[in-house]
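Please read the structure below before turning to the comments.
The values are calculated or read from the model by the stated rules, or taken from the named source; none is laboratory data. Predicted model, so just to flag it, every value in this text is computed and none were measured. Every residue, glycine as well, gets a Cβ built from its backbone with ideal geometry; the counts of neighbours run over all protein chains shown.
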Amino acid sequence: MAWVWDWIDGSWKRDSSRRDLLPGRIVLVDPAFGGYATGSGWDPERKPAPPLVTWAPPPQDRSDYSQDREDLSEAAWTPIATHGAEVGALARSLAGQVGLDQDLVDLLETAGLWHDVGKSHRCFQGSIRLPGVRPVRQDLAKAPHAAWSRKYLYRSDSDPEEYRPGFRHELASALALFAALQAGQPTHAGLSPRPSELLGVVAHQQTERGPIGLEHRFSDWDAPRFNLLAYLVASHHGKVRLRLQASPKDQDYRDMDGLGLPIQGVREADGLPTIQGPGDTVLVPELRLTLEPAHLGLSDATGPSWTERTISLLQTHGPGALAYLEALLRAADVRVSASMTTPAQEPKP
């Protein structure tokens, strides 16, 4: 009678039941049962079956229909810096066109610049393999279709045993924001308050090196604004939002070093290499990620939990405003990825 789309496996679940009817799920009902009128949509009184229409999702949407797809990453060789600059510029333009205030315009541009930083992760870069053709660098955001294979998807090229099914680069990008503050500005408002601060104890005697590269854009932001930036970076594919929780595929990971299971393919202490911008400038320094934001309560490393931050955003802005801002960043990313306006700017080996 009905099927529910299983985005983990990217297929229709034939043995679906009532317990599968959760918010956000896509349901396919046998047309013989009616309930749909062409032109007006859902109509429970409509009994005749509507004519069947063959439909296939456009390429820019396919990556959102299952957890392990990278359709939007198939394009000309493009480094993270180039793609981020294009998305940031378009996000700024769209935000200005719809009349958002300057703070939100700047915030959306920054989210666009940072949104794919997590693609520098070794398990994303290991997915891109085209011997003799692939540029020798670890900051590719896009690669031609021929460079992608299900065989190597989310497998590290430096360690054949390191495999992260369900890896979400946008979560790595969001956690990189926290890692950047930890490394350069440990007393930043985005990491406060922390238990040691509330108790008047100095737990970390860490010298601040100051912001580097893109960090300058949010170095003086308050906590609510930083939280909104982190949320938009994490949610730009619609798969990471209010909670950070492991997926079913994370449960199959073999923990061989005691660092625990991944969350959406990201593990404690995962490293990201330096990302370079124009003229070999450092856009994002080498970073070490932590899953501390996924824990409940205050962390002395990252401050309030992800859940506390996102609930505060929900209370402040409401679901409609958050969805609207998310849609603007998403639109900028999809438009740039679909058009690839600068294919000639290919990275040098």
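Give the residue, chosen from Pro319, Pro248, that is of a type outside the set (A, V, I, L, M) and either not assigned by TED's automatic domain parsing to the domain that holds Gln185 or not in a loop (DSSP other than H, G, I, E, B) (or both). Spell out the reasoning first.
Values: Pro248 fails: either not assigned by TED's automatic domain parsing to the domain that holds Gln185 or not in a loop (DSSP other than H, G, I, E, B) (or both).
Of the residues listed, the single one that is of a type outside the set (A, V, I, L, M) and either not assigned by TED's automatic domain parsing to the domain that holds Gln185 or not in a loop (DSSP other than H, G, I, E, B) (or both) is Pro319.
The set of residues in region 195-214 that are over 30 Å from Val282 (Cβ atoms) and at pLDDT 85 or above contains only Pro195. For region 142-149, check the following and say yes or no: at least one residue is in a helix (DSSP H, G or I), buried (at least 16 other Cβ atoms within 10 Å of the Cβ) and either in the same structural domain as Pro278 (by TED's automatic domain parsing) or at pLDDT 95 or above (or both). Yes, region 142-149 contains a residue that is in a helix (DSSP H, G or I), buried (at least 16 other Cβ atoms within 10 Å of the Cβ) and either in the same structural domain as Pro278 (by TED's automatic domain parsing) or at pLDDT 95 or above (or both). Would you mind stating whether Ala174 is at pLDDT 95 or above and either crowded, with 22+ Cβ neighbours inside 10 Å or not assigned by TED's automatic domain parsing to the domain that holds Thr302 (or both)? When the stated conditions are applied, Ala174 passes them.
Just one of the listed residues (Thr290, Thr274) is of a type in the set (Val, Ile, Thr), closer than 22 Å to Thr187 by Cβ and assigned by TED's automatic domain parsing to the domain that holds Arg194, namely Thr290. Considering region 283-318 alone, what residues qualify as being surrounded by 14 or more Cβ atoms within 10 Å (Cβ to Cβ) and of a type in the set (A, V, I, L, M)? Listed by number, the residues that qualify are Leu283, Val284, Leu287, Leu289, Leu291, Ala294, Leu298, Ala301, Ile311, Leu313, Leu314.
Look at region 64-82 and say how many of its residues are in a helix (DSSP H, G or I) and either without any contact (Cβ under 8 Å) to a residue 40 or more places away in the chain or in contact with an Asp or Glu (Cβ under 6 Å, 6 or more places away or on another chain) (or both).
Going residue by residue through region 64-82, those that are in a helix (DSSP H, G or I) are 71-73, 80-82.
Next cut, either without any contact (Cβ under 8 Å) to a residue 40 or more places away in the chain or in contact with an Asp or Glu (Cβ under 6 Å, 6 or more places away or on another chain) (or both) only: 71, 80.
Residues meeting the conditions: 2.
A count restricted to region 252-273 and to residues that are free of Cβ contacts under 8 Å to residues at least 24 places away in the same chain and surrounded by 15 or more Cβ atoms within 10 Å (Cβ to Cβ) stands at 1. Within region 84-102, if we keep just the residues that are touching a helix residue (DSSP H, G or I) at 6+ places or on another chain (Cβ under 7 Å) and of a type outside the set (A, V, I, L, M), the residue that is nearest to Thr274 (Cα to Cα) turns out to be Gly84.
Summed over region 137-184, the residues that are hydrophobic (A, V, I, L, M, F, W, C) and within 21 Å of Trp7 (Cβ to Cβ) give a count of 6. Among the residues of region 102-126, write down those that are of a type in the set (Phe, Trp, Tyr) and out of contact with any Phe, Trp or Tyr (no Cβ under 8 Å at 6 or more places or on another chain). Once the filter is applied, which keeps residues that are of a type in the set (Phe, Trp, Tyr) and out of contact with any Phe, Trp or Tyr (no Cβ under 8 Å at 6 or more places or on another chain), region 102-126 yields only Trp114. For region 143-190, a residue qualifies if it is hydroxyl-bearing (Ser, Thr, Tyr), farther than 30 Å from Pro224 by Cβ and within 18 Å of the chain's Cα centre (by Cα), and exactly one does: Tyr154.
Picking from residues in region 82-135 that are among the hydrophobic types (A, V, I, L, M, F, W, C) and closer than 23 Å to Gly166 by Cα, the one that is surrounded by the fewest Cβ atoms within 10 Å (Cβ to Cβ) is Leu130.
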